[in-house]
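The values are calculated or read from the model by the stated rules, or taken from the named source; none is laboratory data. Keep in mind the model is a prediction, meaning the values are calculated, not measured. Cβ placement follows ideal geometry from the backbone for every residue including glycine, while neighbour counts extend to all protein chains displayed. What goes into the accessible areas is simple: the full protein's heavy atoms, side chains included, and nothing from ligands, DNA or RNA. Shrake-Rupley method; radii C 1.70, N 1.55, O 1.52, S 1.80 Å.
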Amino acid sequence: ITLAAVAGGQSGKGTSGVRSAALPADINADSLNRLPVVKREQMDEKGKQVYDHVAGGAGKIASPTGPASIELYSPGAAEPLRTLNEYLRRQGNLLGNPITELAILVAAREGDSQYVWSAHEPAALKAGVAQPVIDVVKYNRDVAGAGEKETVVIRMGRQLLREHKLDSPTFAKAVKLFGTQGTVELVTLMGDYTLNGLLLDALDQHLPPDRKPLLPSR
């Protein structure tokens, strides 16, 4: 993969040969990040299976941007990470879709990930998270007025990702509301999107032109 990708992208241009003047010199026009898009035909048979998993099925093309496309540079990592993400976001998961999306937004805000936030604020609204609750996270506001579950999720994320610890009352409240398995999955979910943010930062991932930036600076 590496050899083929470098050969196709070392000039800083994507497969189209056209790049925006607004993009930094090391950003590819196809992936909108520092590495060219991984092509299915570049991969060995196992890699092609992983590609199809990431793309959503045989015959489909994986998104050229985002953490899943970046992870294809390491198929051995991409496969379990994709499986983990699908499990955590599965329909009928222990947390429910609104809390799942809120936890993703908390991780995105703490990591200042424009790419993740701009994808998941609309998803959170669609899942039923109220705009005032989203704005508590978006603008780093006090949690006063948020619901019981939402308050715990926001406090957990802020403590873990800012202070790298979680106080006993908040942990106990999370277990009461979500159960032990739900609490572990909640933390794992925020960790998954923290990892996504790191990959996006490392490769300086830019938003697709049809994606509106929704996350303000702190």
*Under a 1.4 angstrom probe, counting protein chains only, how are Lys60, Lys138, Lys39 ranked by accessible area, largest first?*
Lys60, Lys39, Lys138
*What part of the accessible area of the chain, given as a whole %, is carbon or sulfur when the probe is 1.4 angstrom?*
56 percent
_At 1.4 Å probe radius, can you tell me the per residue accessible area of the stretch 40-89 in Å²?_
52 Å²
*asked:* At 1.4 Å probe radius, can you tell me the per residue accessible area of the stretch 93-200 in Å²?
replied: 43 Å²
*What aspartates and glutamates could a cross-link reach from Lys60, if we take a straight Cα to Cα line under 18 Å and drop same-chain neighbours fewer than 8 places away?*
Asp30, Glu41, Asp44, Glu45, Asp52, Glu71, Glu79, Glu86
*At a Förster radius of 25 Å, what calculated FRET efficiency corresponds to the Cβ-Cβ distance of Gln49 and Arg89, to the nearest 0.05?*
0.70
_Given a 1.4 Å probe and heavy atoms of the protein chains only, how would you sort Leu186, Leu81, largest accessible area at the top?_
Leu81, Leu186
*How big is the accessible area of Phe171 in square angstrom, nearest 10, if you roll a 1.4 angstrom probe over the protein chains?*
100 Å²
_Computed helical MRE - 222 nm, the chain, DSSP H runs ≥ 4 contributing -39500 (n - 2.57), nearest 500_ = -17500 deg cm²/dmol
*Take peptides 206-214, 193-201 and line them up by average Cβ neighbours within 10 Å, highest first, as a rough protection proxy.*
193-201, 206-214
*Please compute the net charge surrounding Gly92, taking Lys and Arg as +1 and Asp and Glu as -1 over other residues with Cβ under 14 Å from its Cβ.*
0
*asked:* Show me, bin by bin at 10 Å from 0, the whole-percent P(r) of the stretch 96-137 based on Cα pairs.
replied: 34, 61, 4
_Net length gained if the chain between Asp142 and Val175 were fully extended (0.36 nm per residue, minus Cα distance)_ = 9.7 nm
*Sorted largest first, extent of the stretch 40-89 alpha carbons per principal axis (Å)*: 30, 19, 18
*With labels modelled as points extended 7 Å from the Cα through the Cβ direction, what inter-label distance (nm, one decimal) is found for Asp26 paired with Ala58?*
4.0 nm
*Each label point is 7 Å from the Cα along the Cα-to-Cβ direction; what then is the distance between the points at Glu163 and Ala130, in nm?*
2.6 nm
*Which helices of the chain meet both criteria: a Cα extent of 30 Å or more along the helical axis and a mean Kyte-Doolittle score no lower than -1.0, with helices taken as whole DSSP H segments?*
168-202
*Using a 1.4 Å probe, how large is the accessible area of Ser31, given in Å² and rounded to the nearest 10?*
0 Å²
*Check the straight Cα-Cα distances from Lys138 and name the lysines below 18 Å, setting aside those fewer than 8 residues away within the same chain.*
Lys126, Lys149, Lys212
